[in-house]
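The values are calculated or read from the model by the stated rules, or taken from the named source; none is laboratory data. This structure is a prediction, so every number in the text was calculated from the model and none was measured. Quick reminder, even Gly has a Cβ in these numbers, built from the backbone with ideal geometry, and neighbours come from all protein chains shown.
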Amino acid sequence: MKRVIVIGGGAAGMMAAIAAADAGGRVCLLEKNEKLGKKLFITGKGRCNVTNAGNREVFFSNVMSNARFLYSSFHEFDNQAVMEFLEKAGCRLKVERGERVFPVTDHSSDIIAALAGQMQKRKIEVRLRTQVKEILFREGRTAGVLLTDGGHLDADSVVVATGGLSYGATGSTGDGYRFAREAGHSLTEPFPSLVPFNVSEGWCRELMGLSLKNISVSLFFEKKEIYSGLGEMLFTHFGVSGPLILSASSYYVQEYRRWKDGRKKKDSGQRAEDGKGQAYPESVLYIDLKPALSGEQLDRRILRDFEENKNRQFKNALGALFPIRLIPVMIELSGIHPDKKVNEITREERKRLAEITKKLPLRILGVRDFNEAVITKGGVAVREVNPSTMESKKRKGLYFAGEVLDLDALTGGFNLQIAWSTGYLAGKSAGMESENDGLLPTEKENENNGF
Ligand SMILES: Cc1cc2nc3c(=O)[nH]c(=O)nc-3n(C[C@H](O)[C@H](O)[C@H](O)COP(=O)(O)OP(=O)(O)OC[C@H]3O[C@@H](n4cnc5c(N)ncnc54)[C@H](O)[C@@H]3O)c2cc1C
């Protein structure tokens, strides 16, 4: 029986442990927190958008980094397999708008309970409050782990499922990156992603809490359009957030990474910043407040509104066009005096109002930090991991799964699907006896480690 240690009791780790046990392994899962699935618990605002019911193409078109690396793992354990697994485990699911899948109870805790139940059923040993300090290697292959309390556990295979760096309070503090580096792996620099933007416009702060529905945004990075989308956004004390913005951030971070690499190369390896403070790429987010209307239709609509309010002051004529809190900002940006009589507004002024309604600019100053990021973009470089097994190409018996890898997707259940698919394949490969393993019994064979 292969002894498998899984580091991390998140989505990827729990699925890896289950798959390793099913493959015949004797499995021990180590989690540094006092409970399993702390991040899973907060997913989908506590409801856990566990996967997406769309087809294969939908999944791959929503994966932002290294989609091809996921071909085998998704084939092995796709979204249908996840849904079947959870339903069989007693957790009934429902599909909502955008093919998003949730537990019918709307409680993420039911997903965690289902996974914990399945681990128990397979007699997987779960050790909570147990933090791995180091992965041990003997003669080039994986031999076990050293714990922070000084103890050590022998193993034939170790699955690293320690997550990324986002929402560090849930336990994902980047330990897996260190383990990977110590094992000789390269890292793609981790960046916060699916994360709000800081913007330079002070008026955003005044609109804090205002949510705009059915608007569209387009994001320009160094004058090139890199994203456009329709949906909902939110103003905050630092800038903008909400579903559309989180999606836009994923494209922003991708471009930002290229931009930063380009600057590094230009500076021949010196700091990307010029020493005079943080350098930002020129990036602007344009909000179209009336995406359903063309420029001409909007102009006609404004004319009609003005006609109905022709004897009123401009500041009192915009109630039908914008949410009430947005009106002072639109007045300011239009350059039209708020007290001006509507019938005195010039054609040019009206044009300007229409222009900012269709293209309200916000200058992006970068993204918020890891504590506010739904995921980490970057991580263990996938070229050094075998996509058919999730095994390290550097060390025999070492496997990676989940967000610790340089894999990420847009919102909609796709990130958890990455964790399920890679977790399942890593666990299955780690637990399976293979003739080519060349496994030798290690010293006194796991004498005192209790599993
Ligand atoms: C607020 C929020 C909402 C989200 N909502 C969704 C959603 O609805 N749908 C979706 O698809 N995705 C969602 N995501 C993303 C999704 O949660 C992650 O992609 C996924 O949980 C990653 O799983 P993981 O197992 O790789 O890592 P994690 O869930 O981060 O698990 C890693 C585990 O490893 C443990 N660990 C770390 N280091 C050690 C160590 N040295 N020793 C022992 N244990 C260790 C940690 O304590 C942690 O429990 C959301 C993320 C956030 C932050």
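Only one residue in Ala21, Ala12, Ala67 is crowded, with 20+ Cβ neighbours inside 10 Å, more than 7 Å from the ligand (Cβ to nearest atom) and assigned by TED's automatic domain parsing to the domain that holds Glu403. Which one?
Ala21
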Review point. Hey, does the range 71-82 have a residue that's near the ligand (Cβ under 8 Å from one of its atoms), assigned by TED's automatic domain parsing to the domain that holds Val104 and at pLDDT 95 or above?
Key: no
Review point. Pairs, please: C-beta under 6 Å, at least 6 apart or cross-chain, first residue assigned by TED's automatic domain parsing to the domain that holds Ala354 and in the range 290-301, second in a loop (DSSP other than H, G, I, E, B)?
Key: Leu298/Lys290
Review point. Does Glu355 qualify as being at pLDDT below 95 and not aromatic (Phe, Trp, Tyr)?
Key: no
Review point. Can you tell which of Val63, Val58 is within 14 Å of Glu403 (Cβ to Cβ) and either at pLDDT 95 or above or small (Gly, Ala, Ser) (or both)?
Key: Val63
**Study point:** Number of the exception - Thr411 against (1) within 27 Å of Gly98 (Cα to Cα); (2) surrounded by 24 or more Cβ atoms within 10 Å (Cβ to Cβ)
**Key:** (2)
Review point. Here is a list of conditions, (1) at pLDDT 95 or above; (2) in contact with a Leu (Cβ under 7 Å, 6 or more places away or on another chain), and Ser294 meets all of them except one; can you say which number that is?
Key: (2)
Point to revise | Residues that are part of a strand (DSSP E or B) and surrounded by fewer than 21 Cβ atoms within 10 Å (Cβ to Cβ), drawn from the range 222-239 | key: Lys224, Glu225, Ile226, Tyr227, Ser228, Gly229, Leu230, Gly231, Glu232, Leu234
Practice item. Kindly indicate whether Ala183 is near the ligand (Cβ under 9 Å from one of its atoms), within 29 Å of the chain's Cα centre (by Cα) and closer than 21 Å to Gly427 by Cα. Key: no
Exercise for review: Report yes if some residue within the range 385-393 is buried (at least 17 other Cβ atoms within 10 Å of the Cβ), among the acidic types (Asp, Glu) and away from the ligand (no atom under 12 Å from the Cβ); otherwise report no.
Suggested key: yes
Review point. What residue, among those in the range 24-42 that are more than 6 Å from the ligand (Cβ to nearest atom) and among the aliphatic types (A, V, I, L, M), is farthest from Asp156 (Cα to Cα)?
Key: Leu36
Practice item. Name the strands (runs of 3 or more DSSP E) wholly inside the range 109-191 in which the number of residues that are in contact with a Ser or Thr (Cβ under 7 Å, 6 or more places away or on another chain) and over 25 Å from Asp408 (Cβ atoms) is 3 or more. Key: 141-147
Check your understanding: Among Gly163, Gly174, Gly117, which is the only one that is assigned by TED's automatic domain parsing to the domain that holds Leu93 and away from the ligand (no atom under 13 Å from the Cβ)?
Key -> Gly117
Practice item. Check Glu134 against each of (1) within 12 Å of the ligand (Cβ to nearest atom); (2) among the charged types (D, E, K, R); (3) buried (at least 20 other Cβ atoms within 10 Å of the Cβ); (4) farther than 17 Å from Leu405 by Cβ and name the one condition it does not meet. Key: (3)
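Identify, please: which residue in the range 414-444 is of a type in the set (D, E, K, R) and modelled with pLDDT of 75 or more and is, among those, farthest from the ligand (Cβ to nearest atom)? Before you say what the answer is, go through the steps one by one.
First, pick out the residues of the range 414-444 that are of a type in the set (D, E, K, R): 428, 433, 435, 437, 443-444.
So of that shortlist, the ones also modelled with pLDDT of 75 or more come out as 428, 433.
Numbers: Lys428: 16, Glu433: 25 Å.
Restricting to residues being of a type in the set (D, E, K, R) and modelled with pLDDT of 75 or more, the top hit is Glu433.
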Point to revise | Output for the range 32-59, where each listed residue is surrounded by fewer than 19 Cβ atoms within 10 Å (Cβ to Cβ) and either free of Cβ contacts under 8 Å to residues at least 12 places away in the same chain or basic (Lys, Arg) (or both) | key: Lys35, Lys45, Arg47, Asn55, Arg56, Glu57
Point to revise | From the options Ser392, Ser388, residue that is at pLDDT 95 or above and touching an Asp or Glu at 6+ places or on another chain (Cβ under 8 Å) | key: Ser392
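Per-residue answers, yes or no, for (1) touching a Gly at 6+ places or on another chain (Cβ under 7 Å); (2) within 26 Å of Pro192 (Cβ to Cβ); (3) not hydroxyl-bearing (Ser, Thr, Tyr):
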{"site": "Arg26", "(1), (2), (3)": "no, no, yes"}
{"site": "Leu29", "(1), (2), (3)": "yes, no, yes"}
{"site": "Lys32", "(1), (2), (3)": "yes, yes, yes"}
{"site": "Lys38", "(1), (2), (3)": "yes, yes, yes"}
{"site": "Asn66", "(1), (2), (3)": "no, yes, yes"}
{"site": "Ser73", "(1), (2), (3)": "no, yes, no"}
{"site": "Ala89", "(1), (2), (3)": "yes, no, yes"}
{"site": "Glu96", "(1), (2), (3)": "no, no, yes"}
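Output yes when any residue across the range 43-55 is more than 13 Å from the ligand (Cβ to nearest atom) and farther than 18 Å from Glu403 by Cα, and no when none is.
Yes, because at least one residue in the range 43-55 is more than 13 Å from the ligand (Cβ to nearest atom) and farther than 18 Å from Glu403 by Cα.
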Point to revise | Matching residues in the range 1-38 - criterion: being among the basic types (Lys, Arg) and in contact with a Phe, Trp or Tyr (Cβ under 6 Å, 6 or more places away or on another chain) | key: none
